[in-house]
1. Residues of segment B:33-49 that become at least 20 Å² less accessible with every protein chain present than in their own chain isolated, using 1.4 Å: which are they?
2. Could you tell me the relative contact order of chain B? Use alpha-carbon pairs under 8 Å, at least six residues apart, and round to a whole percent.
3. Assuming R0 = 30 Å, can you tell me the calculated FRET efficiency for the pair A:Arg116 and B:Glu38, based on Cβ-Cβ distance, to the nearest 0.05?
4. Quick check: residue separation of B:Arg79 and B:Tyr389 times 0.36 nm, minus the Cα distance between them. What number comes out in nm?
5. In what sequence, largest accessible area first, do A:Asp80, B:Asp39 appear using a 1.4 Å probe?
6. When the Cα centres of segment B:165-224 and segment B:260-327 are compared, how far apart do they sit, in Å?
7. Across the residues of B:283-289, average count of Cβ atoms on other protein chains within 10 Å?
8. Given the pairs A:Lys113/A:Lys168; A:Lys164/B:Lys5; A:Lys13/A:Lys203, which span a C-alpha to C-alpha distance of over 29 angstrom in this model?
Amino acid sequence: MKNSINNAFKVAKKENRPALISYTVCGDNTKDKSLQILNSISKDLDIAEWGIPHNCPTADGKDIQNSSYRALQNGIRLNDIFKLVKRFKKTKPSKPMILMGYYQMIFNYGDKKFIRKCKEVGVDGLIVVDLSFPDNKNFAELCKKNSICFVQLIAPTTTVKRMKEIIKSSHEMIYMISSISTTGSALKYSIKRIIKNYNVIKKIKPSKNVVIGFGITEKTISNLRSADGLVVGSAICREITRSLKDRQNPVTNVSKLVRKLKNKII
Amino acid sequence: MIKLKKKTPLIDQHDKFGFYGNKFGGNYCAETMRKPIEDLSRLFEKLRRDRKFLKKRDHYFKHYLGGETPFFKLENLTRHLGGAQIWCKDVSAINGDAHKAYHATVNALICKESGKRYIAGDTGAGMFGKNLAMAAKKMNLKCKIFMGTKDISRQAPNVKFMRDAGAEVVPVDSGSKTLVDAVSECMRHYVSNCDNTHLAVGSAIGCNIFLKICAWSTSQISRELKKQLIKEFGEIPKLKLINVIGGGSSALGFWNEFIDFDKKHVELIGVEAKYAAPLSTNAKVAILHGAAQYCLTDKEGQIAETHSLSAGLDYPGSSPLHGLLKDSGRARYTNASDKEALAAFKLITKLEDIRPSLEPAHAWSECIRLAPKLKKSDVLVVNNCGKGYKDKKIYIEQLGYYPK
Ligand SMILES: Cc1ncc(COP(=O)(O)O)c(C=O)c1O
């Protein structure tokens, strides 16, 4: 179990494709629905990411804001999220689950208590958007002690010097932000430029699993398939929004979308 | 209890991670913002020691903002309340009508120095927005102001001003449609445009560098006041300095030069809006807009909604520096309701010639409560930090009139 994130990358590598990682918001649009969505798409996924909704998300674009808003409107709480993760891991024990959120939600719950709870319900990794290096050192160590992968982020603005330090203190996976952007806007940089940034990171430490995220859609995903992994978030959240608006079933629509995404990278 | 360091400017009392008293502040931001804020910190540290830059700042403060703001005794109010002497530091007399003028001007100057052509800021009452729009126009910068749709409608005169000055006002329709949402949206804009845009945060909040720039700029108020006090009294008399607190930029500027005084000599009193009062209602520490601070939240840790007639005070958080002043016991904090602020406006404007906006009306309310309990030798100074014209419509709705 401990290395399930590493395993996921190994499996994808063996199949000569990037790992596919989804981002949805836990509780969007209801607790059960968000679990149904994840269960349904997980056959096409290598890693699942669930967002912890927060009502002051300073790094998220409109799509994820909408998802978080729906989840909060429907009363999702941190303890519900832990319960849902447990239910997910019960049926899919080998599917890595990463929780992503803002530090305020963790700080309010208590760092230690939060990490202990994550371990207990089977969370494999954590991304804390606004807890960046080096302020995250203690937290990342605490994660490591509890066999949870703390995912460091690298942005286009990150200097090479800082990059090296971040990589050095990173765990199994690193998240590369594609462009100077919040989540959800279209890719601002050319594919060439993104791959170039990606290669800078890989060159520093080739064995590290580096995923690219922010702005990846059905249209762009195949061009980035040389990466170790690709995260699709806003495009999926947008599909949930569209389905709800058109009174269609988000479970089937999102499953179709994820299947298409997968087909573009195999 | 946290101990303040003597002879160290308040804004510099942080550790290398940007924390004050190991507890407040920090840099809780997306990785994308790290490099830009580091660059900005370096630039600011250089500029604040650069004589040429300081001269430029002083030049703008004097010739563009109109120089020293008046300090005078309110004889009628003093007589009416029959206790302490009441004095007014009338910051609202500045060109720009509020203390936000200092902070906006400095930000535009820094933006210019950084070589960036775009400047973005948040606003609630519209005071920071209008001053930033003005300064941007003066310095040839492209300006975007983020403002909640509720505030756009209740502070319409300032919105018109911003647009007339050539700024783009970006309406923010999420959440409570007020300042908290405007700040979030402005930060998102910065995350997406930090390569060519300077972020001017509207109060002493946000990541370390933003609150430092803000409090450094508004401290002009207390530099002037210190001189004015000595001119009037021949010394710094036994004082109480009363200031309204939204994010806390005006209070920090009003108090900065007096931090090292004993609190029995110079007492610092902050006044929040009753239903937006993290400092005076024992709120927990939370992380909001990049910093740890006293902040209103629900049990789950979600940021709470606030309610105030005053758009400038309708914010759940508070400056990390006020957390420091509170926990060190240097300042004390109280609050006033909408009703109390309105009553204060009514009395003040009946007796005196000043026309405070809703924000300083909260400070006046505390002054009116306190003065009768004090002696003639006690000196109360209120920072009248904003002009009332922007709230004319609200005053008329609430009181039935707006004084001449
Ligand atoms: C006149 C005036 N006073 C006070 C405030 C509150 O902000 P701060 O506490 O940062 O001074 C505002 C905010 O817009 C304002 O316009």
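The values are calculated or read from the model by the stated rules, or taken from the named source; none is laboratory data. Everything numeric in this text was worked out from a predicted model, so none of it was measured. Backbone-built Cβ (ideal geometry, glycine too); neighbour counts: all protein chains shown. We work out accessible area using only protein heavy atoms, side chains counted, and drop any ligands, DNA or RNA first. Shrake-Rupley method; radii C 1.70, N 1.55, O 1.52, S 1.80 Å.
1. Residues shielded by partner chains are B:Arg34, B:Lys35.
2. Numbers: 869 pairs, mean separation 83.9, N = 404.
Relative contact order of chain B: 21 percent.
3. 0.35
4. Length difference between fully extended and current span is 108.9 nm.
5. Working: A:Asp80 30, B:Asp39 60 Å².
My answer, sorted largest first, is B:Asp39, A:Asp80.
6. 17
7. 4
8. Beyond 29 Å between Cα atoms: A:Lys164/B:Lys5.
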